[in-house]
Structures are given as structure tokens and as C-alpha cells.
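Peer 1: One structure, pasted below without further comment.
The values are calculated or read from the model by the stated rules, or taken from the named source; none is laboratory data. Please read these numbers as outputs of a predicted model, since none were measured by experiment. Virtual Cβ from ideal backbone geometry, glycine too; neighbours counted across all protein chains shown. Remember, those area values only see protein heavy atoms, side chains included, never the ligands or the DNA or RNA. Shrake-Rupley method; radii C 1.70, N 1.55, O 1.52, S 1.80 Å.
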Amino acid sequence: MTRRKLVAGNWKMNTTRSEATALAGAVAAGVGASPGCDVAVCPPFPWLVPVAEGLKGSAVALGAQDVYSEPKGAFTGEVSPGMLLEAGCRYVIVGHSERRHVLGETDSQINHKVHAAVEAGLHVILCMGETLGERDRGLMERVFQRQVYSALAGLTDEQFGRVVIAYEPVWAIGTGRTATPEQAQEAHAFIRGKLGSLYGEKIASSLPILYGGSVTPDTAAGLFAKPDVDGGLVGGASLKADAFLSIVRTVG
Ligand code: PEP
């Protein structure tokens with residue numbers, strides 16, 4: 001089964017409006033009309049609309065960094081899946097480790113967000129991964145099992161078609177410490193195996209699993225060469241067009 005590869009940039013809470021539109025413009029120009037993989041950028045909420053304008057007609061898709069699980073109502077400060085679609089988003093990141101560990105998001109909230117997003121027609125980039133403490137205590141497989149089960153429980157086969165997983169070891173995010181290609185492959189293969197036992201082989205073999213955690217132009221090739229690594233979710237290096245484009249070209 002050939003899986004479509006994806007490289008997505010998570011800009012987190014960075015960029016001014018003019019920096020965001022300039023960065024998106026440079027990425028769109030550098031990627032060209034037919035990149036060898038899917039490419040997306042995920043700016044902060046206020047810049048989604050101006051970045052969408054700049055990406056029109058380009059091969060670069062727009063993503064948001066979070067979403068709420070309800071379509072509308074008295075949820076001050078939240079943003080619904082429908083709003084993201086109307087702003088021009090194709091993707092949304094759900095369950096990023098900063099939301100899980102800094103902002104206290106739970107597995108159950110993440111499951112509700114995944115459902116709301118895919119039901120609305122968004123493609124979800126679902127993040128999961130172990131902390132250093134969990135890795136040191138040998139709990140990785142238990143953590144993956146819990147995260148894969150709790151986030152994706154209840155999706156239909158058709159909805160699974162709009163899910164991409166990003167394996168992001170928490171100890172590698174923003175630390176400059178990248179998982180080795182072997183560590184990434186081992187984790188991806190385990191996650192794919194869990195997908196198979198929980199949701200069936202067809203879903204397991206077709207669902208892309210990205211690696212995220214301090215990916216740079218120097219480390220991308222080794223990681224992306226592994227059979228179960230289907231591209232990357234890139235934080236810090238996605239804020240510089242040259243670095244991000246060179247990571248994209250590693251895949252395409
Ligand atoms: C991320 O935030 O998803 C990420 C992978 O960040 P970084 O590449 O900076 O580690």
C-alpha cells in the first residue's frame with residue numbers, strides 16, 4: 001500500500017501577520033506546482049485568513065493548530081471545525097503535546113475534537129508520543145496503546161481516511177534532540193500494529209504516520225527513509241522557508 005506523504009509546518013505561537021504571509025508566500029513559491037508530497041502550513045488562528053489568501057492557487061494546504069469539539073455556542077475563546085473550514089483550512093492538528101502537557105488536554109477531549117473535525121470534513125493530524133519519563137520506565141507501548149485507542153475510538157472507516165498520525169516523542173519536541181531513524185521506525189511500526197489490532201489491517205496500512213520532534217534538513221532524510229515514516233510534522237525548522245523547503249524536498 002503506498003501512502004501519500006505529508007510534510008506539515010507547525011508555526012505554534014510565532015510570527016507577526018507580515019512574517020506569516022511572507023513565510024507562506026516563500027513556501028508556496030518554493031514548493032512549486034506539483035511537489036512530490038503533500039505540504040501544509042499551520043499558522044496561528046489570527047493569520048489563517050491572510051495566509052489562506054496568499055496560498056490560493058498554490059500546492060500548499062492550510063492547517064490550524066487546534067479546534068474545539070462543538071459546532072457553535074457559548075464556548076468563549078474557542079474555534080469550531082466549521083469556522084476553520086470557512087477560513088480555508090484542510091488540516092487541523094489535534095492533541096499536540098504542548099496542549100496535552102502544558103494546557104492539560106485530556107484523551108477524552110482529544111477524542112471529541114477528532115470526531116468533530118473529521119465529521120465536519122477536516123483532515124486531522126493527531127499527535128501522540130511518550131514523555132522521557134515514560135520512555136525511561138519502559139511505558140512507551142502502554143502509552144501508544146492508550147493514545148491510539150482513546151483518540152480514535154468510534155471513527156468510521158470513511159472518517160479514518162481523513163486522519164494522519166504524528167508520532168512526536170515529547171523529549172524531542174523543541175529540544176534539538178531528534179529520535180534516531182531506528183527509534184522512529186520502531187515506534188511507528190508499533191503504532192501501526194496497534195492500529196491494525198484495534199481498527200483492522202486496511203486502516204493500519206493506509207493511515208500515514210508522520211514523525212515530529214526537532215526535524216531539520218540534516219535529520220530529515222534518514223528519518224523519512226524508514227518504511228513506516230510517511231513524512232514529518234515540523235516545528236522550529238518550519239519558521240524558516242529555506243529549512244522547511246529543504247525538508248519538503250527530502251520527501252519529494
Ligand atoms: C512540533 O511542535 O510539532 C515539533 C515537532 O516541534 P520541533 O520541530 O520544533 O521539535
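Peer 1: Can you sort R137, R249, R192 by solvent-accessible area, 1.4 Å probe, largest first?
Peer 2: Final ranking, largest accessible area leading: R137, R249, R192.
Peer 1: Tell me, what HN-Hα J-couplings in whole Hz come from the Karplus equation 6.51 cos²θ - 1.76 cosθ + 1.60 at θ = phi - 60° for each residue of the range 220-232, using x for Gly and Pro?
Peer 2: With coefficients 6.51, -1.76 and 1.60, one gets 4, 4, x, 5, 6, 6, 6, x, 9, 9, 9, x, x Hz.
Peer 1: Residues with amide H under 5 Å of V215's amide H, sequence separation 5 or more or different chain, H placed in the peptide plane at 1.01 Å from N; which?
Peer 2: Here G235 satisfy the definition.
Peer 1: Using a probe of 1.4 angstrom, how much of the accessible area of the chain is carbon and sulfur, in percent?
Peer 2: It is 53 percent, rounded to a whole number.
Peer 1: Which residues' amide hydrogens lie under 5 Å from the amide hydrogen of K226, considering only partners 5 or more residues apart or on another chain, with H built in the peptide plane?
Peer 2: Distant-sequence amide H within range of K226: zero hits.
Peer 1: Rolling a 1.4 angstrom probe over the protein chains, ignoring ligands and nucleic acids, what is the accessible area of R90 in square angstrom, nearest 10?
Peer 2: Approximately 110 Å² of R90 is accessible to the 1.4 Å probe.
Peer 1: Would you check the accessible area of R162, probe 1.4 Å, heavy atoms only, in square angstrom rounded to 10?
Peer 2: 40 Å²
Peer 1: Another one. Add -39500 (n - 2.57) for each DSSP H run of 4 or more in the chain, then divide by its residues: what number comes out at 222 nm, to the nearest 500 deg cm²/dmol?
Peer 2: Rounded to the nearest 500, the figure is -13000 deg cm²/dmol.
Peer 1: Hey, another quick one. Apply the Karplus parameterisation 6.51 cos²θ - 1.76 cosθ + 1.60, with θ equal to phi minus 60°, to every residue of the range 39-53 and state each ³J(HN,Hα) to the nearest whole Hz, in sequence, with x for glycine and proline.
Peer 2: With coefficients 6.51, -1.76 and 1.60, one gets 10, 9, 10, 10, x, x, 3, x, 9, 4, 5, x, 5, 4, 4 Hz.
Peer 1: Separation between the A26 and Q109 pseudo-spin-labels, each 7 Å from Cα along Cα→Cβ, expressed in nm?
Peer 2: Computed distance between label sites A26 and Q109 equals 3.4 nm.
Peer 1: Which entries of K5/K194; K113/K240; K12/K202 have Cα-Cα distances beyond 26 Å here?
Peer 2: Listed pairs above 26 Å: K113/K240; K12/K202.
Peer 1: Residues of the chain: accessible area per residue at 1.4 Å, in Å²?
Peer 2: Here the residues of the chain average 43 Å² of exposed surface.
Peer 1: Ok, one more. Under a point spin-label approximation (7 Å from Cα along Cα-to-Cβ), what is the S205-A74 distance to one decimal in nm?
Peer 2: Once both label points are built, they end up 5.1 nm from each other.
Peer 1: Net charge within 14 Å of V164 by Cβ-Cβ distance, Lys/Arg positive one each and Asp/Glu negative one each, not counting V164 itself?
Peer 2: +2
Peer 1: Also, I was wondering about something else. Out of residues 5 or more away from I93 or on other chains, whose amide H comes under 5 Å of its own, with H placed 1.01 Å from N in the peptide plane?
Peer 2: Sorted by chain and number, the residues that satisfy this are A64, Q65, D66, I125.
Peer 1: So how much slack lies between S34 and K56, counting 0.36 nm per residue of separation and subtracting their Cα-Cα distance, in nm?
Peer 2: Numbers: separation 22, 0.36 × 22 = 7.92 nm, distance 1.44 nm.
Stretched fully, the S34-K56 segment lengthens by 6.5 nm.
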